[in-house]
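K.L.:
Next up is a structure, given as structure tokens.
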Amino acid sequence: MATDERKLVDEQIEALFASHPPADTPEREFWGAQFDHGLAWVQHAEGFGGLGVSPRWQGEVDRRINEAGGSTRNRYLNVLGIGMGAGTIMAHGTDEHQQRFLRPMFACEEIWCQLFSEPGAGSDLAALATSAKQEGDTWIVNGQKVWTTLGHLAKWGLLVTRTDPDLPKHAGLTYFIVDMEADGVDVRPLYQITGEAEFNEVYFTDTPIPDDLRVGEVGQGWAVAMTTLMNERVAIGGSVSPRGSGSISLAVEAWEKLHGQDGDPVQRDQLLSYWAEAEAMRLTTLRAKEAAKQGTPGPEGSTAKLHWADLNKAITSFTMDLMGPEGMTYPGGYEFTRPDQTSNRGTSAHKAFLRSRANSIEGGTSEIMKNILGERVLGLPGEPRVDKNIPWREVPRS
Amino acid sequence: MTVTTAPPVVAFALTEEQKLLVDMVRDVLKDRATSERVREVMLGDDGFDEVLWTELANLGLTGLTIPEQYGGAGSTFTELSLVFEELGRRLAPVPLLSSVVLGAEAVLAAGSDEQKGAILPGVAAGTTRLALAHLDPAGRLTADPGVRAVRDGDAWVLDGTAGFVVDGRTATHLVTAANGPDGLELFVVAGDTAGVERTDLEVLDLTRPMASIVYSGVRVQDADRLSGADAVAALHRALEAGVVAIACEQAGGTQETLRTTTAYARDRVQFGRSIGSFQAIKHRLAEMLVASESARSAAYHAARILAAGEREELAIAAPLAKSYCSEIYEQATGHGIQIFGGIGFTWEHDAHLYFKRAKSTKLLLGDPKHHRALLGQAIGL
């Protein structure tokens, strides 16, 4: 079985490389051809960018592409599409959705964004208020979304709306794909504490969505949204960084530059304490990856997000302390920029310090993560709920 | 410059045999290392649980890492580390750390073939119990231990005091570090040799006794001076193994603390709710889980690196594991007492036993600051 799969994957890689040499083919053209050879997401069905084989072969495919001088950066350029949208469309979308959206998504011909959070629905996502009302074959959308990464570049959005305010909050939701170029869509940059606008606010004013862009049944939006969020977890937890990389490398750099061997022993001890913790955390992701691969995942797979968020904040703050007076500066200033990738990747110590504050908010706050670990991993009882089984309309909101 | 080479990759997953080993040890400890039994031993005069020790020996666990040619099983340190993790969960008072790790590793590293052949089969069988006496009376590891060795014909005469010797009073033999005319030497001294006076210290953690040992004109034959290799390097090896064993024990204790505390938080009801439903408690337990998982990773990695004989990586992995696991174990047991509340402060509850083991092992064989300094040297920071 495994040998057959390897043979199939190998054949497709060789065919792809023969027709589209990775180093010499324009990126989008190559990614399109990669999709056509079933090497976009190998675990999915043939004809939809996959080969129907075990997902573990994807790592091999990506490694070979990189070795051959090709690029796999579409996974970052279109992280919401490839990382989250694809899995959702494959699980809940129609055949038409899959035919229409997956290939241009993978080739980065169309960028995607995610329209979930709202000013009044952060941790409590299911409380969201953006409404969609049906008028014949069309839905009319009104409301506001926030924290929309890549919203300013996106052609398509993954949108959760409230279609029935008289049902309890989870039951009245419906999921759509929305054309970001449609009428009534207003994307505004959200100016962050770093001076950048990675994120956007998106306003919908009487925006029409044809019913054939609905994903899943009316009222099933929560289940579809959960699929998207599960894919987010997988996308984030996919790779293990090298030892000493990430924020601890910024701390080490600051230490060596400004103190070297003559540094304060208290700060050295603190630096080593963070280094040790960062490495212990990294080893945990390695251990989790190994356990998941063997089909025996344990609690080690659930702790990474929380650990990383809190440790990253501590280390970047410590790095500023190490820099002393230089920590009072902000090189480059706060001039407004709008990056085409999330700025988690490659950044100055100063910006990392500010950016890290979002780590314990985005993708589930640390407080919510602790609830999840406490309840789902440790089996502790849930919070008392005052919004259960009552119409969304009657739930108090701020 | 800091180390930039990628660390060697060692698999975390257990083999089927290793899983069976864990099950076997758990079974034995479930019956033999109950809270009642641990308390009976810790308050008694025996100093360790002879019944359990015999059983562990009969199962071959005291000889796991001893080479087959010296009567052991010739397994790797990974297997032994699994035993330590389980012992750590139960606080079983047996001299495995002192005899099979600290003592035997010193003999393995420093002894001649003949000496290893004479000493190690007994260790493997559990009938010889070694203790390592290498610290000065104040418990400091210095180039100058508390004992001096003077040559007298074919023999040596030892004088001085070794402090903080784990299981020192009950060991059959003391692997004693002493300063001789040519520097550090390691002697294997029978515990009942004339001139050896052993006194138990009043220790914080009653499940792990430590002794002060006074040597007054103790005569030792030259044949009992470990003569196969450099004593300083051998001592270093033994201590490195000891540090990793302790980290695994700490990872076990941390998991057990989390397990019992979580169970209590589910059962204990106040204000009409189980206290684990309050975020103040739930979040603390979630933080303990995060830390516990990373402590396990650090300890497992160090054990596997030691087993693989990757000396360069061990210089990173061992102090990293010891410093990190020490801090996490202490935090976890502190949270444990807090979450148990009033009952957690009582003698009858086991929370304090883990709290004391945590603090004691944090300071044993070098505190976290010491190990972070070693880590800094290893990675060039």
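K.L.:
According to the Cα gyration tensor, what semi-axes, each the square root of 5 times an eigenvalue, does the equivalent ellipsoid of segment A:25-129 have, listed from largest to smallest in whole Å?
P.N.:
27, 16, 13
K.L.:
Counting pairs of alpha carbon atoms under 8 Å apart in space and at least six apart in sequence, what relative contact order in percent does chain A give?
P.N.:
14 percent.
K.L.:
With each run of n ≥ 4 DSSP H residues scored as -39500 (n - 2.57), what mean residue ellipticity at 222 nm is computed for chain A after dividing by its residue count and rounding to the nearest 500 deg cm²/dmol?
P.N.:
The helix-only estimate for chain A comes to -12000 deg cm²/dmol at 222 nm.
K.L.:
What is the Rg over Rh value, at two decimals, for segment B:131-224, using alpha-carbon atoms and the Kirkwood definition of Rh?
P.N.:
On the way: Rg = 12.4 Å, Rh = 12.9 Å.
Across segment B:131-224, the Cα-based Rg/Rh ratio is 0.96.
K.L.:
Sticking with this structure for a sec: Using alpha-carbon pairs under 8 Å, 6+ residues apart, how would you state the relative contact order of segment B:16-128 in percent?
P.N.:
Once divided by the residue count of segment B:16-128, the mean separation gives 32 percent.
K.L.:
What is the spread of the Cα atoms of segment A:11-51 along each of their three principal axes, largest first, in whole Å?
P.N.:
Principal-axis extents of the Cα atoms in segment A:11-51, largest first: 28, 20, 11 Å.
K.L.:
Shifting gears a bit: Which semi-axes, in whole Å and largest first, does the equivalent ellipsoid of segment A:112-233 have when worked out from the alpha carbon gyration tensor as the square roots of 5 times its eigenvalues?
P.N.:
After diagonalising the Cα gyration tensor, the semi-axes are 22, 16, 13 Å.
K.L.:
Pairs to check: A:LYS145/A:LYS169; A:LYS289/B:LYS362; A:LYS293/B:LYS19; A:LYS7/A:LYS293. Give those whose C-alpha atoms are more than 23 Å from each other in this structure. Intermediate values should be presented prior to the final figure.
P.N.:
Numbers: A:LYS145/A:LYS169 17 Å; A:LYS289/B:LYS362 30 Å; A:LYS293/B:LYS19 18 Å; A:LYS7/A:LYS293 20 Å.
Distance filter (> 23 Å) returns A:LYS289/B:LYS362.
K.L.:
Return the lysines within reach of B:LYS282: Cα separation strictly under 23 angstrom, same-chain partners fewer than 8 residues apart disregarded; answer none if there are no such residues.
P.N.:
Within reach: A:LYS305, A:LYS313, A:LYS370, A:LYS388.
K.L.:
Percent of alpha carbon pairs in segment A:349-398 separated by more than 12 Å?
P.N.:
That tail contains 74 percent of the Cα-Cα pairs.
K.L.:
What accessible area per residue comes out for the protein assembly as shown, rounded to a whole number of Å², with a 1.4 Å probe?
P.N.:
Working: 33090 Å² over 779 residues.
Here the residues of the protein assembly as shown average 42 Å² of exposed surface.
K.L.:
How large is the dipole of segment A:130-189 about the Cα centre if only Lys and Arg carry +1 and Asp and Glu carry -1, each at its Cβ, rounded to the nearest 20 debye?
P.N.:
320 debye
K.L.:
Output needed: percent of Cα pairs per 10 Å distance bin for segment B:1-113, bins running from 0 to the one holding the longest distance.
P.N.:
Cα pair-distance distribution for segment B:1-113, in percent: 12, 40, 29, 14, 4, 0.
K.L.:
Right, another one. Give me the net charge of A:LEU258's neighbourhood, meaning all other residues with Cβ under 13 Å from the Cβ of A:LEU258; Lys, Arg count +1, Asp, Glu -1.
P.N.:
Combined, the nearby Lys, Arg, Asp and Glu give -4.
K.L.:
Can you list, bin by bin at 10 Å, the percent of alpha carbon pairs in segment A:242-364, starting at 0?
P.N.:
Percent of Cα pairs in each bin: 12, 38, 32, 14, 3, 0.
K.L.:
Still on this structure, I have one more. When the helices in chain B are scored as -39500 (n - 2.57) per DSSP H run of 4 or longer and the sum is shared across all residues, what 222 nm value do you end up with, to the nearest 500 deg cm²/dmol?
P.N.:
The helix contribution divided over chain B gives -17000 deg cm²/dmol.
K.L.:
Would you work out the charge dipole size for the protein assembly as shown about its Cα centre, treating the Cβ of every Lys and Arg as +1 and the Cβ of every Asp and Glu as -1, and quote it to the nearest 20 debye? Please report the intermediate quantities before stating the final value.
P.N.:
On the way: 73 positive and 104 negative charges, 259 e Å.
Computed charge dipole of the protein assembly as shown: roughly 1240 debye.
K.L.:
Which of A:ALA304, A:ALA254, A:GLY327 sits closest to the plus end of the dipole of segment A:242-364, meaning its Cα is farthest towards the positive end, when Lys and Arg get +1 and Asp and Glu get -1 on the C-beta?
P.N.:
A:ALA304
K.L.:
Relative contact order of chain B, please, whole-number percent, based on alpha carbon pairs below 8 angstrom and at least 6 residues apart.
P.N.:
Relative contact order for chain B comes out at 17 percent.
K.L.:
Within the P(r) computed for segment B:231-379, what percentage of the Cα pairs occupies the region above 25 Å?
P.N.:
Percent of Cα pairs beyond 25 Å in segment B:231-379: 34.
K.L.:
Please give the Cα centre distance for segment B:190-259 versus segment A:249-326, rounded to the nearest Å.
P.N.:
33 Å
K.L.:
Right, something else. Binning at 10 Å from 0, report for the protein assembly as shown what percent of all alpha-carbon pair distances ends up in each bin.
P.N.:
For the protein assembly as shown, the binned pair fractions read 3, 12, 19, 21, 18, 13, 8, 4, 2, 0, 0 percent.
K.L.:
Pull out a ≥ b ≥ c, the square roots of the eigenvalues of the alpha-carbon gyration tensor of segment B:71-149, then state rounded if a/c is under 1.5, prolate if not and a/b is larger than b/c, and oblate in the remaining case.
P.N.:
oblate
K.L.:
Please report, largest first and rounded to whole Å, the three semi-axes of the ellipsoid equivalent to segment B:229-292, where each semi-axis is the square root of five times an eigenvalue of the C-alpha gyration tensor.
P.N.:
Values: eigenvalues 341, 18, 6 Å².
Listed largest to smallest, the semi-axes of segment B:229-292 are 41, 9, 6 Å.
K.L.:
Counting C-alpha atoms alone, how compact is chain A: give Rg to one decimal and Dmax as a whole number, in angstrom.
P.N.:
My reading of the Cα-based Rg and Dmax gives 22.7, 74 Å.
K.L.:
Next question, about the same structure. Using a Gaussian network model on chain B with a 10 Å cutoff between Cα atoms, which of B:VAL218, B:VAL123, B:VAL107 fluctuates the most?
P.N.:
Of B:VAL218, B:VAL123, B:VAL107, the most mobile in the Gaussian network model is B:VAL218.
K.L.:
Sticking with this structure for a sec: Probe radius 1.4 Å, ligands and nucleic acids ignored: give me the carbon and sulfur share of the accessible area of segment B:16-128 as a rounded percent. Don't skip to the answer; put the middle values down first.
P.N.:
Numbers: 2040 of 4420 Å².
For segment B:16-128, the apolar C and S fraction of the accessible surface comes to 46 percent.
K.L.:
At q = 0.07 Å⁻¹, what log₁₀ I(q)/I(0) does chain B have when each alpha carbon counts as one equal point scatterer in the Debye sum?
P.N.:
Results for chain B at q = 0.07 Å⁻¹ read -0.31.
The values are calculated or read from the model by the stated rules, or taken from the named source; none is laboratory data. Computed from a prediction, not measured in an experiment: that's the story for all the values here. For neighbour counting, all protein chains shown are included, and Cβ atoms are generated from backbone atoms with ideal geometry for every residue, glycine included. Surface areas here come from the heavy atoms of the whole protein model, side chains and all, with no ligands, DNA or RNA. Shrake-Rupley method; radii C 1.70, N 1.55, O 1.52, S 1.80 Å.
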